[in-house]
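The values are calculated or read from the model by the stated rules, or taken from the named source; none is laboratory data. The shown structure was predicted, so the numbers you read here are calculated from the model rather than taken from an experiment. Please note: Cβ atoms are built from the backbone with ideal geometry, for glycine as well, and neighbour counts cover all protein chains shown.
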């Protein structure tokens, strides 16, 4: 098992190399993602009991843009890693702060939750229309219409872009699975997002195989 401190040092060196210009942005982001996932796995692996092993894992990211924050500024991202073993479900959440290496500890407000599979009663599928995406599309379209006489070509393009955003928000709602536990999880509702990803489908399938779900 890789020591988390070793991976933290690798991530720090990665950031320093990027700041020196040794890496392109795309290469930096690819390596940073790989190292972050590796660090999450290492942190969770230290919590496993003897003979316990990770059977499936799923990773996704939420971006949070504050209303008081400039839209030109990178939003704070929350990375979520979920792991299923023979006995438990682990969920690790950490904040990815712009320009700062992840540490997967109290420095980036990491939270590690674990629940036994025996306490999971089922998976409840949920859907939610992407209201923020619809609102953003509507605003783009309205601004473009208001300025259409000054930006005839660009304005038409922006109107189309705004309408496309609204359609996308309506036609492709956010989907997730709510994990139903008994007793209710102390940390609140647990969700599995990005269920269209291969890793998300595998995690859901494995949970359904290992917990008694009502028909």
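Tabulated data for the structure shown
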item	result
Count - residues of the stretch 2-27 that are in a loop (DSSP other than H, G, I, E, B), loosely packed, with under 15 Cβ neighbours inside 10 Å and either at negative phi or within 21 Å of the chain's Cα centre (by Cα) (or both)	4
Residues (closer than 17 Å to residue 82 by Cα, at pLDDT below 90 and surrounded by 16 or more Cβ atoms within 10 Å (Cβ to Cβ)) located in the stretch 94-116	95, 96
Scan of the stretch 43-58 for residues that are farther than 21 Å from residue 6 by Cα and crowded, with 17+ Cβ neighbours inside 10 Å, ordered by number	56, 57, 58
Test result for residue 83, modelled with pLDDT of 95 or more, surrounded by 14 or more Cβ atoms within 10 Å (Cβ to Cβ) and in the same structural domain as residue 193 (by TED's automatic domain parsing)	yes
Number of positions in the stretch 160-201 that are modelled with pLDDT of 75 or more, assigned to a loop (DSSP other than H, G, I, E, B) and within 26 Å of residue 59 (Cβ to Cβ)	5
